[in-house]
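Chemist: So that we are looking at the same thing, I have put the structure below in structure tokens.
Computed from the coordinates by the stated procedures, all read-outs in this text should not be read as laboratory data. No experiment lies behind these values; they were computed from the predicted model shown. Counting neighbours? That spans all protein chains shown, and the Cβs are built from the backbone with ideal geometry, glycine included.
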């Protein structure tokens, strides 16, 4: 078994992750603009991409497991890095390493973008909470006049009833 199917699977993963990164950047713009309608329309697309990536990743794992069973043994740590060590064909090794490094870069960018989106979402929620708190009266301001507090606080220490 050649590593070519694994390279193809990883290339597909790169393509889907790049597409998800574009969606994530668009999500950031919608969060900055406060465009809730556009954001709601974008979320199903994002979910579709995530599901597709999960399927592609399962396929890549299966292909990788099959390769390790055939060429390195199942007890070997089944990572792309260890796969590179076992490979004989320099051309395939270079191709696999290139697509692996590309995927790592895309994943790092995507992680950074999603952290930004998380922070923007948190700030939006804080703004909404602040706005709601400003609209709701506090318990102290329910009475509108200078009403008397309970009579106990204005009594003197020496006032006593017999």
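Chemist: Note the direction-averaged projected area, equal to a quarter of the hull surface, for the Cα convex hull of the range 4-135, in nm².
Modeler: Average of the hull's projected areas for the range 4-135 equals 9.6 nm².
Chemist: What Rg and what Dmax come out for the range 1-44 when only alpha-carbon atoms are used, in angstroms?
Modeler: 15.6, 51
Chemist: Here is a follow-up. Show me the ranking of peptides 38-49, 10-21 by mean Cβ neighbours inside 10 Å, starting with the highest.
Modeler: Sorting 38-49, 10-21 by mean packing, highest first, produces 10-21, 38-49.
Chemist: Only counting other Cβ atoms within 10 Å, I'd like 89, 109 sorted with the fewest neighbours first.
Modeler: 89, 109
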